[in-house]
Each structure stands twice: as structure tokens, then as C-alpha cells.
1. Can you spot a residue in the stretch 8-28 that is β-branched (Val, Ile, Thr), touching a helix residue (DSSP H, G or I) at 6+ places or on another chain (Cβ under 9 Å) and surrounded by 10 or more Cβ atoms within 10 Å (Cβ to Cβ)?
2. Does Leu35 satisfy being outside any loop (DSSP other than H, G, I, E, B) and either touching a helix residue (DSSP H, G or I) at 6+ places or on another chain (Cβ under 8 Å) or not hydrophobic (A, V, I, L, M, F, W, C) (or both)?
3. Quick check on this structure: which one of Thr37, Thr6 is touching a Gly at 6+ places or on another chain (Cβ under 7 Å), among the hydroxyl-bearing types (Ser, Thr, Tyr) and modelled with pLDDT of 85 or more?
4. Given the conditions (1) over 22 Å from Lys2 (Cα atoms); (2) touching a strand residue (DSSP E or B) at 6+ places or on another chain (Cβ under 7 Å); (3) modelled with pLDDT of 85 or more, and given that Glu58 satisfies all but one, which numbered condition is not satisfied?
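The values are calculated or read from the model by the stated rules, or taken from the named source; none is laboratory data. Only a predicted model underlies this, so the values are computations on that prediction, with no experimental measurement involved. When we count neighbours, we look across all protein chains shown, and the Cβ atoms used for this are built from the backbone with ideal geometry, even at glycine.
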Amino acid sequence: MKLKITTIGNSAGVILPKELLARLRLEKGDALYALETPDGIRLTTFDPELAAQLEVAERIMREDRTVLHKLAR
């Protein structure tokens with residue numbers, strides 16, 4: 001799919017067609033992330049920062065399961 005770069009104020013932007021927004025399940029105001037890959041740039045709704053934070057939280061919950069269980073009482 002060919003996208004065109006256009007001027008938006010003092011910046012440049014890309015207009016995403018409705019079909020692409022639907023495939024990405026995006027609406028106006030949603031976040032879209034640009035990830036650099038060996039093959040180029042990948043646009044995704046996946047937030048790598050949030051995924052890393054969730055991994056840390058899951059590790060803590062596994063390691064401190066008994067402590068968290070006692071705190072829940």
C-alpha cells in the first residue's frame with residue numbers, strides 16, 4: 001500500500017486510509033508505534049515499552065507469589 005507524506009502544520013505526516021486503519025483496528029487518537037527492524041520500519045499497535053513493563057511485573061509476581069498472597073488477605 002503506497003502512502004503519501006503530507007504537510008501538517010510545521011511537521012510532516014502520513015495519511016492512513018480507512019482500510020488500513022480498520023486492519024490495524026485503530027481510530028483517531030489511538031497510538032501507533034514505529035519499530036526499527038532489520039527489514040526496515042514496522043508500524044504496529046504493539047507497545048514494546050508496555051510489554052517490557054508487564055514482563056517485569058509478571059516476574060515479580062512469580063518470584064514473590066507467597067508475599068503477594070499474604071498481602072491479599
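1. No: zero hits.
2. Answer is yes for this residue.
3. Going through Thr37, Thr6 in turn, just one is touching a Gly at 6+ places or on another chain (Cβ under 7 Å), among the hydroxyl-bearing types (Ser, Thr, Tyr) and modelled with pLDDT of 85 or more: Thr6.
4. Condition not satisfied by Glu58: (2).
Quick grid of which residues meet (1) at pLDDT 85 or above; (2) more than 18 Å from Lys4 (Cβ to Cβ); (3) part of a loop (DSSP other than H, G, I, E, B); (4) among the charged types (D, E, K, R):
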| residue | (1), (2), (3), (4) |
| --- | --- |
| Leu21 | yes, no, no, no |
| Gly29 | yes, yes, yes, no |
| Ile41 | yes, no, no, no |
| Phe46 | no, yes, yes, no |
| Leu50 | no, yes, no, no |
